[in-house]
Structure formats: C-alpha cells, structure tokens
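Taken together, the values in this text are just the output of simple stated rules run on the coordinates, not laboratory data. This one's a predicted model, so the numbers in the text were calculated from it and none came from an experiment. Counting neighbours? That spans all protein chains shown, and the Cβs are built from the backbone with ideal geometry, glycine included.
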Amino acid sequence: MSAYQDRRAQIETYFDRTAADAWARLTSDAPVGRVRASVRAGRDRMRGTLLSWLPADLRGRRVLDAGCGTGALAVEAAHRGAEVVAIDLSPTLVELARQRQPRFDSGGSIEFRSGDMLDPALGLFDHVVGMDSLIHYEPADAVTVLAGLAARTRQSLVFTYAPSSPLLQAFKAVGKLFPQGNRSPSIVPVAERHLYRLIDAHPKLGDWDIRRTERVSGGFYTSQALELVRP
C-alpha cells in the first residue's frame, strides 16, 4: 500500500493547501466560470445518482461518506435519517463542511473527521459512498481500497471512477508535461473491463456483485458510477 500512501499524501497536500479556496467556491452557490460551472453541474448530477442508489429511508443506517469534501452528500444522507461518518484527507475542507452543516429534523447526524477512509476505527457501515475520491489512484490501488472498505460494509458500496477515453488519456499525457508542483494530482482513467477484472480477481471482493453503473458526462466533467452489493 506504499503507492496508495504516497498518492494519498499528494492529494491531501493539494486539496488542503493549493485548492482549498477554489474547492470551497466550486461547492458553494457563488458565481463561477464556464469550466467550473460544468464541473459543478456534473458533480450535482453524480451526487444525485449515488444518492438514488441508497434507500430513501436511511433511519438506523450507518453511512460512510469516503472523501466527503465540503459535505454536500453527507448532508443529503443525514436528511434521510442516516448516521453519517464523513471523512476527508483535507482538514480545511472538513472544517468548512462543519461550518456549512445544517440542523436535521429527521434524526440523522453527521460526524465529520479528517483522516484516512481506511481507518478501522471508523467501524462498520451499512453503506459506503465514495464520490470522485478514488479517481486519482492507479486502478489496482483503487480496488485494494475498495476491498478494505468492503470488509467494513454490510450492504452496498457505491463509488465513481474516471472512465477511459481518448480525451481523458490526452489530458493525462499533457499533464505530464508540467511540474508536479504546478498541477493537481492527475486523474487516472481506467477501462471498464479492466476495472471489472480487477474487482472479480480480488479475493476480498469475491462475495460482492456489480449491480448498477451510470455515466455522468457534460462539459468538463466525466465520471462513471458503479454499485457493488452483497448478494
């Protein structure tokens, strides 16, 4: 897991220092430019997709929002009555999420934490959601993370990945021309068949089935949702 840990450190540095202000603006109602507006719209659609795959009534359920950012998905799950643990690598974004947290009349709650989504101290969950939190990792490392999350999940694991396409591959190649300090951690595209093979081959994911998948694409945002469930 050394590759995962190294990559995790890069992501933490970027989102907690370099991009915190931009991320705060993107996830607010503040006016943004055309590029960021398309990303905001895409993320809203993806969040709605992942939430639609969870039960409408989440009372009595524990939900892990793995890579919660500023907490929008966690808030929606808590409104349905879930006991949410929302964790992100960036203490800055987690603090912003705490500041934005509304009151809940549904009995739901959110515990915001900064740290590693694989921390076993987080306990067991009925559902785990990872929206755009694994897209910066190599596919084999991402599946290893999924296996670690699945070991603490009772019912479903829904997450997103960057589907491989000529455009994304070109963006990745161009990104390599710039010094690491001047750019965000690159997104790692993965072909659907390759990802499925990695999931099927992982010994700790043998009792999980792929149920639903859906792509959200528009403007400068493209992401693929995937649902794993215990049969």
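Helical content of the chain, expressed as a calculated mean residue ellipticity at 222 nm, amounts to -11500 deg cm²/dmol (DSSP H runs of 4 or more residues, -39,500 (n - 2.57) each, divided by residue number, nearest 500). Peptide packing for 209-219, 90-100 was compared via the average number of neighbouring C-beta atoms within 10 Å per residue; ordered from the highest value, the list is 90-100, 209-219. The stretch between Ala140 and Ala22, if pulled fully straight at 0.36 nm per residue, gains 39.5 nm over its current Cα-Cα span. Per residue, the average separation of C-alpha pairs within less than 8 Å and at least 6 apart gives the chain a relative contact order of 21 percent. In order along the stretch 80-96, the Karplus-derived 3J(HN,Hα) couplings, from 6.51 cos²θ - 1.76 cosθ + 1.60 at θ = phi - 60°, round to 7, x, 6, 8, 9, 9, 10, 10, 8, 5, 8, x, 5, 5, 5, 5, 5 Hz, and Gly and Pro are given as x. A straight chain from His194 to Glu95 at 0.36 nm per residue would run longer than the Cα-Cα distance by 32.0 nm.
Is the C-alpha gyration tensor of the stretch 1-93 telling us rounded, prolate or oblate? Criteria: a/c under 1.5 is rounded; beyond that, a/b larger than b/c is prolate, otherwise oblate. Because a/c hits 1.5 or more and a/b fails to exceed b/c, the stretch 1-93 counts as oblate. Note: relative contact order over the stretch 67-166, using C-alpha pairs below 8 Å and six or more positions apart, is 27 percent. Towards the positive end of the charge dipole of the chain, with charges on Cβ (+1 Lys, Arg; -1 Asp, Glu), say which of Gln224, Ser156, Thr92 has the farthest Cα. Sorting the options by dipole projection puts first Gln224. Most tightly packed first, judged by the mean number of other beta-carbon atoms within 10 Å of their residues, the peptides 143-154, 197-208 read 143-154, 197-208.
Considering only beta bridges that DSSP places wholly inside the chain, some 40 percent are antiparallel. Taking amide H atoms as placed 1.01 Å from N in the peptide plane, the amide H of Arg113 lies under 5 Å from those of Ala86, Ile87, Asp88, each 5 or more residues away in sequence or on another chain. Footprinting exposure proxy ranking of Phe104, Phe112, fewest other C-beta atoms within 10 angstrom first, gives Phe104, Phe112.
Using 0.36 nm per residue and subtracting the Cα-Cα separation, the extra length available between Arg230 and Asp119 on full extension is 37.8 nm.
For the stretch 41-124, rounded, prolate or oblate, judged on the Cα gyration tensor with a ≥ b ≥ c (square roots of eigenvalues), a/c < 1.5 rounded, else prolate if a/b > b/c? Verdict is rounded for the stretch 41-124.
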